[in-house]
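Take a look at the structure set out below.
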Amino acid sequence: MKLKFAIIDRRLLTILLIVFVQMVGTSMVHPILPLYAQSVFALDAQIITLLITAFFAAQFLAGPFIGRLSDQRGRLPILLISQIGTVIAFLMIGFAQSAAVLFLARVLDGVTGGNIVVAQAYVTDIIPEKRRTEALGYTMAAFGLGFIVGPAAGGILASRYGPQVPFLFAAAAALITVVLTWFTLEESLSNEDKARNRDSENSRLRLAELIRNVPLVAVLIVSFMSRFGMGLLIGTFALFAEAVLFRSHDFATVSLGVGLMLMVVGIGQFLTQIFLLPAALKRYSEPLIVLIGAVARAASMFLLAIALEPLIGTLSLAIFALGSGLLYPPLQSLLTKTVARELRGAVLGLNQSAMNLGVILSTAIAGTLFTLNPALPNWLGGILYCLVLVPGAFLWAWARSNGGMRRERLAVTAQ
């Protein structure tokens, strides 16, 4: 385990801390929001999953703009604006008096929710290409740590003090990220970089060029399909846990149980990033690691579909976390290698939009599928992760074909 790399760059450590605190706050919300909407506002499953859809729909529309704006105006100001929007959104949910306010808050958080995209762009700015997957892996490890603390804390707070309290704590955590960013982080793009990104012909991602960039399209397809499967899980997991895994238990027990189970996702993701991913990178290519991650996710969804007890459900989430830890960092690294430097923020925003589109569509139908059969979203998710193997296999074959990924990146840069 080469922690020396992470220790060398103070900026990377600061970004990891910011991501960790942000994810503590965000992951407090995920297990509680569906139960909160159900118990306080009497919303049914179809409407509850649309709360998730509203967030990702807003982020889908804003993602490319936020990423592109960070290329042109700098990472730091966009990161601060995004974080402040998250603070306001969490406060709105905590003090909401109607379901309409819940939806408005989720839209606001989605529109300003480019902080993770910008943080990833920041990492690609400061870390050399040969270390980029490792650095993005550390970022995912910070995600994992946040998911260890956040869901458990959210479940405990909701069970002891009521469903509104986790949102107020999440707002406080988001506010801490604003302070950390303002006082400890420096801009990663020089004035010359920002001017070049505004004026360069390479800095515009045109549709025709995107379509011709076959590896980029393949990455976007993998991102979309994998996120679609994840949307089916996050859209219905709390409801599935209440109906199947913790049937006949009260709100407090379900909230605590869901929080602790999602904590396992954080632990599994963290351990995967720190131990498994660095070892895998030494032996396997990035596209092959993506394939392994997709297989793990498929297996986890199928296992959850047949789970009737919390123990089996927890095991499925652990496997899902392993798949996430292996799939996303190499996929993001491959993404940044398909375009010119001037387009890193834009293409990360585009990828975020592709993922958000997957969540939009999946959460829009997840409630209906759950109503038909609580396990149906999990079965469909497993099937979709099997289909991810098709574009994933193409990426693997392309990368093995005379350095295909590098040739495509250079071709786009030269345009």
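The values are calculated or read from the model by the stated rules, or taken from the named source; none is laboratory data. Small disclaimer: the values here were computed from a predicted structure and weren't measured. Here Cβ is always computed from backbone atoms with ideal geometry, including for glycine, and neighbour counts include all displayed protein chains. With ligands, DNA and RNA removed, areas are computed over all heavy atoms of the protein, side chains included. Shrake-Rupley method; radii C 1.70, N 1.55, O 1.52, S 1.80 Å.
Observations on the structure shown:
- Qualifying residue in segment 114-125 (condition: open to solvent by less than 10 Å² (accessible area, probe 1.4 Å) and not in a helix (DSSP H, G or I)): yes
- Here Trp182 passes the criteria (1) part of a helix (DSSP H, G or I); (2) open to solvent by 10 Å² or more (accessible area, probe 1.4 Å); (3) closer than 30 Å to Gln38 by Cβ except the one numbered (3).
- The residue list Ala96, Ala57 contains one member that is of a type outside the set (D, E, K, R) and in a helix (DSSP H, G or I), which is Ala57.
- Among residues of segment 366-400, those that are among the small types (Gly, Ala, Ser), in contact with a helix residue (DSSP H, G or I) (Cβ under 6 Å, 6 or more places away or on another chain) and either closer than 18 Å to Ala218 by Cα or assigned to a helix (DSSP H, G or I) (or both), counted: 6
- Some residue of segment 301-310 being at pLDDT 80 or above, β-branched (Val, Ile, Thr), within 15 Å of the chain's Cα centre (by Cα) and under 22 Å from Ala45 (Cβ atoms): no
- Subset tally (residues that are closer than 27 Å to Leu288 by Cβ and crowded, with 23+ Cβ neighbours inside 10 Å) for segment 370-381: 2
Every residue, every condition in (1) of a type outside the set (A, V, I, L, M, F, W, C); (2) closer than 29 Å to Ala152 by Cα; (3) open to solvent by less than 20 Å² (accessible area, probe 1.4 Å); (4) in contact (Cβ under 8 Å) with a residue 40 or more places away in the chain, yes or no:
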| position | (1), (2), (3), (4) |
| --- | --- |
| Leu35 | no, yes, yes, yes |
| Gln46 | yes, yes, no, yes |
| Thr49 | yes, yes, yes, yes |
| Phe60 | no, yes, no, yes |
| Pro64 | yes, no, no, yes |
| Arg68 | yes, no, no, yes |
| Gln72 | yes, no, no, yes |
| Arg75 | yes, no, yes, yes |
| Ile78 | no, no, yes, yes |
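- The set of residues in segment 312-322 being among the polar types (S, T, N, Q) and either open to solvent by 30 Å² or more (accessible area, probe 1.4 Å) or assigned to a loop (DSSP other than H, G, I, E, B) (or both) consists of Thr314 alone.
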